[in-house]
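Here's the structure, in structure tokens; my notes come after.
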There are 2 protein chains.
Amino acid sequence: MSKQFPLNALRVFEAVARHLSFTKAGEELGLTQTAVSYQVKLLEDTLGEVLFLRQPRRIQLTDAGQRLAPKVSDGFDLLRAAVSEMQGSADATLTIHATSTFASHWLARHLGIFQLDNPTLAVRLETSQEVIDFSRTEADLAIRVGKGDWPGLRSHFLMRNHFTPMLSPKLAATIGTIKEPLDLLKLKIIDPSDPWWKIWFTASGHPDAPLEYQSRSRLGAQAVEAAAAMAGHGVAILRPEFYQDDVAMGRLVQPFSLTCEDGSHYWLVYPQSRRHTAKIRAFRDFLKKALPDFDANPFDGTQ
Amino acid sequence: MSKQFPLNALRVFEAVARHLSFTKAGEELGLTQTAVSYQVKLLEDTLGEVLFLRQPRRIQLTDAGQRLAPKVSDGFDLLRAAVSEMQGSADATLTIHATSTFASHWLARHLGIFQLDNPTLAVRLETSQEVIDFSRTEADLAIRVGKGDWPGLRSHFLMRNHFTPMLSPKLAATIGTIKEPLDLLKLKIIDPSDPWWKIWFTASGHPDAPLEYQSRSRLGAQAVEAAAAMAGHGVAILRPEFYQDDVAMGRLVQPFSLTCEDGSHYWLVYPQSRRHTAKIRAFRDFLKKALPDFDANPFDGTQ
DNA sequence: TTCAATGCATCAACTCTCTTGATCCATGCA
DNA sequence: TGCATGGATCAAGAGAGTTGATGCATTGAA
């Protein structure tokens, strides 16, 4: 079965053997009668066997052709089945990669609706902080934070990413009321090297707020910082919408209404080439319904 | 399984899945690594599924690929088997078309040797007077009389065709001895419209011998005329070598040693495209050994 | 008998798929 | 650190495969 062997000719032969007509077979395959004739002859030449007897207005399988035809049909049936089955079962699982923050604070809440709408689709949710590479990881789609400009990938805007300081009410109580942004500096900043802090203090009118840049690296995930904040270990800078529950439960407070952005937002992302897949379409449609700003342009004037 | 589906890509995928290497698969198939890469991507695009995870120095099947690979292998195994089995069994039968004259007077005598040399080959001998068309009849090769110039066919000279009057000794006795060609005209000429008579009489010095051209058409087969001659119904004009047995048995006599030709000779003939088939090669070799003049040029000077 | 319809073969021209070779990049190993 | 391995990417090119026109033989209907 080396590259020499004309597989396409074999496929054509199979169709011709079924129809016993070059023309009909051509129609089935979307070929002209000429092409069919050519392919059959090509196959006959490589096999060294005549497969059809050309009688005036009809063709007929030779003994050789008769022996070959059913087995070739079986072979192609198997291939067809293999392919469609593979596609079927692959379609049955949707693998989503998301940051743990988004997964736990947004997806967890909304995925139920998607699953109700798509009962046959098993969802596999993988969380990772890294930006996954679709060619190296088995994932159908991903939720990423960034600018939406990833080459080779299709991206849809999901929601803006903004942030504001948050801390546990208990910790806040230790310094009385928090009136002024600079008050926060009396407390421990959980990750002062996070550029978000610089942005926020600048926006609040304190571009020179003293932040200890030298300290530990980012904890890596907003969720971890949030947990630390809830535990009263310090002040975190978070996306407030993700923690409304915790605010309601009294685990966190948002002392200032000022929120800032750094230009990175949440995006749905998947490989260009797979944009027409049913399951991807389904998830895209779900997000479109669930998110008012889906596919909006975060960079136009209307903030 | 329409023409859209890249069958070749599937074949490439099968090889890659076995080797787990684009390069190795390429070597097996006689392709460059680039081509393999292209084909795999093509297949992935049409399926809408990633089949391999590209890790730095190795690749790995995805779930989808893992499901697909074994079934595709099975499918190709089936096709491979179908093809080789067909070829095998087709190679096991050699169908020869010959004129009944040649079949009964030459082949019948010599075919035994061929079958001893090729015990696995079943020989099917079909006799017919018509010049068969290989595209309309199931035949591997044919023995024909003619000039050896059939388009699309390969032909090998077998033996000259020449002829001389022959008759039963009993019939000859009815007019005493036969000394002179014209003596034959005292007897019934079995098929006087046969152009061979005209040629022979002319060669014997009697271009004006009165032959009843108007009479019945040729009996069609030399064998039939020979039978008539043996039965004493008249004089036939035959290829003497074919009837040496009958001469020996006293059924026929050849009154004159003069033999003539009409430019047509015996040829082995088969489709160009099948010249490399094992069974055709075998039969050709057999004739080469059995016939001293095999593949000689009957038209050169050396008669 | 003649005429129209059907179906395959043939031919030349072209298209576009597929292949090649060069180059690049990342990783693993010495 | 430097080399070998293995895959991706790119531009260029070849050639397999298609197409459409045409021809031929047969069948069936008028």
Original post:
How about the stretch A:17-67: which of its residues are loosely packed, with under 15 Cβ neighbours inside 10 Å, away from DNA strand D (no atom under 13 Å from the Cβ) and polar (S, T, N, Q)?
Top reply: A:Q66
Original post:
Residue check, A:G75 against (1) within 10 Å of DNA strand C (Cβ to nearest atom); (2) at the interface with chain B (Cβ under 7 Å from one of its Cβ atoms), all met but one. Which one?
Top reply: (1)
Subject >> Qualifying residues in the stretch B:46-66 (those that are within 8 Å of chain A (Cβ to nearest Cβ) and touching a strand residue (DSSP E or B) at 6+ places or on another chain (Cβ under 9 Å)) - the one farthest from DNA strand C (Cβ to nearest atom) >> reply: B:D63
Original post:
Which of the residues that make up the stretch A:45-84 are more than 22 Å from B:R67 (Cα to Cα) and basic (K, R)?
Top reply: A:R54, A:R57, A:R58, A:R67, A:K71
Original post:
strands (runs of 3 or more DSSP E) wholly in the stretch A:139-197 with at least 3 residues that are farther than 30 Å from B:L61 by Cβ - which ones?
Top reply: A:153-159, A:162-166
**OP:** Take the residues in the stretch A:1-16 that are out of contact with any Gly (no Cβ under 9 Å at 6 or more places or on another chain) and assigned to a loop (DSSP other than H, G, I, E, B), then tell me which one is most open to solvent (accessible area, probe 1.4 Å).
**Re:** A:M1
Subject >> Residue satisfying condition, being within 14 Å of chain A (Cβ to nearest Cβ), within 19 Å of the chain's Cα centre (by Cα) and in contact (Cβ under 8 Å) with a residue 40 or more places away in the chain, within set B:A296, B:A290, B:A282 >> reply: B:A282
**OP:** Identify, from the list B:P195, B:P169, B:P181, B:P210, the residue that is assigned by TED's automatic domain parsing to the domain that holds B:L238, open to solvent by less than 30 Å² (accessible area, probe 1.4 Å) and touching a residue at least 24 places away in the same chain (Cβ under 8 Å).
**Re:** B:P181
**OP:** Would you check which residues across the stretch B:236-289 are among the basic types (K, R), touching an Asp or Glu at 6+ places or on another chain (Cβ under 9 Å) and closer than 18 Å to B:S104 by Cα and list them?
**Re:** B:R251
Subject >> Residues satisfying the stated conditions in the stretch B:128-158, i.e. β-branched (V, I, T) and touching a Leu at 6+ places or on another chain (Cβ under 9 Å) >> reply: B:T137, B:I143
Original post:
What is the one condition in (1) in contact (Cβ under 8 Å) with a residue 60 or more places away in the chain; (2) under 24 Å from A:A139 (Cβ atoms) that B:D63 does not satisfy?
Top reply: (1)
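Residue by residue, here is whether (1) farther than 23 Å from A:I96 by Cβ; (2) open to solvent by 50 Å² or more (accessible area, probe 1.4 Å); (3) more than 26 Å from the chain's Cα centre (by Cα); (4) in contact (Cβ under 8 Å) with a residue 60 or more places away in the chain holds:
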{"residue": "A:A228", "(1), (2), (3), (4)": "yes, no, yes, no"}
{"residue": "A:G232", "(1), (2), (3), (4)": "yes, no, yes, yes"}
{"residue": "A:S257", "(1), (2), (3), (4)": "yes, yes, yes, yes"}
{"residue": "A:Y266", "(1), (2), (3), (4)": "no, no, no, yes"}
{"residue": "A:Q272", "(1), (2), (3), (4)": "no, yes, no, yes"}
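Residue-wise test of (1) at pLDDT below 85; (2) out of contact with any Ser or Thr (no Cβ under 7 Å at 6 or more places or on another chain); (3) within 27 Å of A:D77 (Cα to Cα).
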| site | (1), (2), (3) |
| --- | --- |
| B:L20 | no, yes, yes |
| B:L47 | yes, yes, yes |
| B:A69 | no, yes, yes |
| B:A82 | no, yes, yes |
| B:A92 | yes, no, no |
**OP:** Test A:A82 against the criterion of being more than 8 Å from every other protein chain (Cβ to nearest Cβ), over 27 Å from B:A90 (Cβ atoms), away from DNA strand D (no atom under 16 Å from the Cβ) and not β-branched (V, I, T), and give yes or no.
**Re:** no
**OP:** Determine whether the stretch B:86-100 contains at least one residue that is surrounded by 15 or more Cβ atoms within 10 Å (Cβ to Cβ), within 30 Å of B:F163 (Cα to Cα) and aliphatic (A, V, I, L, M).
**Re:** yes
Original post:
Applying the selection to the stretch A:27-83, what residues are aromatic (F, W, Y) and more than 41 Å from the chain's Cα centre (by Cα)?
Top reply: A:Y38, A:F52
Subject >> Criterion violated by A:A103 - all others in (1) over 39 Å from the mean Cα position of the chain (by Cα); (2) assigned by TED's automatic domain parsing to the domain that holds A:D285 satisfied >> reply: (1)
**OP:** Show the residue pairs that are 6+ apart or on different chains and have beta-carbon atoms under 8 Å apart, the first residue being within the stretch B:78-91 and within 14 Å of B:A122 (Cα to Cα), the second being open to solvent by 40 Å² or more (accessible area, probe 1.4 Å) and at pLDDT 80 or above.
**Re:** B:S89/A:R67; B:A90/A:D63; B:A90/A:R67; B:D91/B:A278
**OP:** Just give me the residues in the stretch A:17-36 being over 25 Å from B:T95 (Cα atoms) and more than 10 Å from chain B (Cβ to nearest Cβ), in sequence order.
**Re:** A:R18, A:H19, A:S21, A:F22, A:T23, A:K24, A:A25, A:E27, A:T32, A:Q33, A:T34, A:V36
**OP:** Just give me the residues in the stretch A:237-254 being outside any helix (DSSP H, G or I) and either closer than 16 Å to A:N161 by Cα or open to solvent by 10 Å² or more (accessible area, probe 1.4 Å) (or both), in sequence order.
**Re:** A:I237, A:L238, A:R239, A:M249, A:G250, A:R251, A:V253, A:Q254
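The values are calculated or read from the model by the stated rules, or taken from the named source; none is laboratory data. A quick note: this is a predicted structure, and the numbers were derived from the prediction, not measured. Cβ sites come from the backbone with ideal geometry, for glycine too, and all protein chains shown count toward neighbours. For accessibility, only protein heavy atoms count, side chains too; no ligands or nucleic acids. Shrake-Rupley method; radii C 1.70, N 1.55, O 1.52, S 1.80 Å.
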